[in-house]
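Visitor: First the structure, which I've put down as structure tokens, then a few questions once you've had a look.
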Amino acid sequence: MTDFHHALRSLRVWDTDLPSFDPASAPPEPLPLFHDWFTAAAAAGQTEPHTLSLATADEDGRPDVRTVMLHGADARGWHFASHATSAKGRQLAARPEAALGFYWPVQGRQVRIRGHVTTGTPEEAYEDLHARTTGALASALVGRQSEVLDSPATLAEASAAAWRRAEEEPDAAAPTWTMYVVEPAEVEFFQGDARRRHVRLRYRRTQDGWARELLWP
């Protein structure tokens, strides 16, 4: 057996006490439950609970996925940000649908979201960017996300220039920086169970609000 296969087969899943989840106690809408689970994950010591997998599709229908950061979750939907000129930005312009996936192994929980994607206003994007760190602004000022890079030296030079500008002009704008909002059509909450009796509760948006249904694990 190779080192890879040995490592793979030796790993245990949820080697900890997991919380219980009674779907009968779930609220009528998914957002309050997401807020509760998110804060519980942070309180339980989950590393970077605000990171999520973002899945999109290109104009040919080929799927793509990457890890991004959550910038908010409110009545409008789940928020993240990126450059409109990036790969994800171009894909969302062609196909404004996305899926999000959160995984918090410290509690054996997942949250999956699918829905239509809209863009926020330029003012929202500006406020979002300038509420973050100097490094985040510098990175946004570099731009060119997903473009082919000829060498690490070119990146170092562009990054140094962007850092200088971010420190000298903290109000500088990054024109392509865009806020995206996933308007949920479906939200699924998954609670893992050591005996594999996982609880899956799905919310589906209907004309009358939200329908709730349990799914087989």
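The values are calculated or read from the model by the stated rules, or taken from the named source; none is laboratory data. Bear in mind the structure is a predicted one, so any value in this text is a computation, not a measurement. Here the Cβ is made from the backbone with ideal geometry for all residues, glycine too, and neighbour counts use every protein chain on show. Note: areas computed on protein heavy atoms with side chains; ligands, DNA, RNA excluded. Shrake-Rupley method; radii C 1.70, N 1.55, O 1.52, S 1.80 Å.
Visitor: I'd like the full set of residues that are touching a residue at least 40 places away in the same chain (Cβ under 8 Å) and open to solvent by 40 Å² or more (accessible area, probe 1.4 Å), limited to segment 52-73.
Guide: 53, 71
Visitor: Can you name every residue in segment 146-157 that is more than 26 Å from residue 65 (Cα to Cα) and either under 27 Å from the mean Cα position of the chain (by Cα) or open to solvent by 100 Å² or more (accessible area, probe 1.4 Å) (or both)?
Guide: Answer for segment 146-157, where residues must be more than 26 Å from residue 65 (Cα to Cα) and either under 27 Å from the mean Cα position of the chain (by Cα) or open to solvent by 100 Å² or more (accessible area, probe 1.4 Å) (or both): just 157.
Visitor: Tell me, yes or no, whether segment 141-151 has at least one residue that is modelled with pLDDT of 90 or more and part of a helix (DSSP H, G or I).
Guide: Within segment 141-151, none of the residues are modelled with pLDDT of 90 or more and part of a helix (DSSP H, G or I).
Visitor: Could you say whether any residue in segment 138-156 is out of contact with any helix residue (DSSP H, G or I) (no Cβ under 8 Å at 6 or more places or on another chain), in contact (Cβ under 8 Å) with a residue 24 or more places away in the chain and not β-branched (Val, Ile, Thr)?
Guide: The answer is yes; a qualifying residue exists.
Visitor: For segment 34-44, check the following and say yes or no: at least one residue is in contact (Cβ under 8 Å) with a residue 24 or more places away in the chain, farther than 19 Å from residue 87 by Cα, open to solvent by 70 Å² or more (accessible area, probe 1.4 Å) and of a type in the set (D, E, K, R).
Guide: no
Visitor: Out of the residues in segment 5-63 that are basic (Lys, Arg) and closer than 24 Å to residue 217 by Cβ, which is nearest to the chain's Cα centre (by Cα)?
Guide: 12
Visitor: With the structure loaded, tell me whether residue 132 is under 19 Å from the mean Cα position of the chain (by Cα), of a type in the set (D, E, K, R), at pLDDT below 95 and surrounded by fewer than 17 Cβ atoms within 10 Å (Cβ to Cβ) or whether it fails that test.
Guide: Criteria met by residue 132.
Visitor: Another question, then. With the checklist (1) of a type outside the set (A, V, I, L, M); (2) touching a residue at least 40 places away in the same chain (Cβ under 8 Å); (3) farther than 15 Å from residue 136 by Cα in hand, flag the one item residue 177 doesn't pass.
Guide: (3)
Visitor: Where residues in segment 79-95 are of a type outside the set (D, E, K, R) and out of contact with any Ser or Thr (no Cβ under 7 Å at 6 or more places or on another chain), which of them is least open to solvent (accessible area, probe 1.4 Å)?
Guide: 80
Visitor: Here is a follow-up. Would you say residue 112 is surrounded by 11 or more Cβ atoms within 10 Å (Cβ to Cβ) and charged (D, E, K, R)?
Guide: Yes.
Visitor: Here's something else I'd like to know. Would you confirm, using the coordinates I've provided, whether residue 17 is part of a helix (DSSP H, G or I), free of Cβ contacts under 8 Å to residues at least 40 places away in the same chain and open to solvent by 60 Å² or more (accessible area, probe 1.4 Å)?
Guide: no
Visitor: Residues being crowded, with 16+ Cβ neighbours inside 10 Å and assigned to a helix (DSSP H, G or I): count how many of those fall in segment 160-183.
Guide: The qualifying residues number 3.
Visitor: To continue, here is another question. Quick one: how many residues across segment 184-217 are in a strand (DSSP E or B), of a type in the set (S, T, N, Q) and without any contact (Cβ under 8 Å) to a residue 40 or more places away in the chain?
Guide: Number satisfying all stated conditions: 1.
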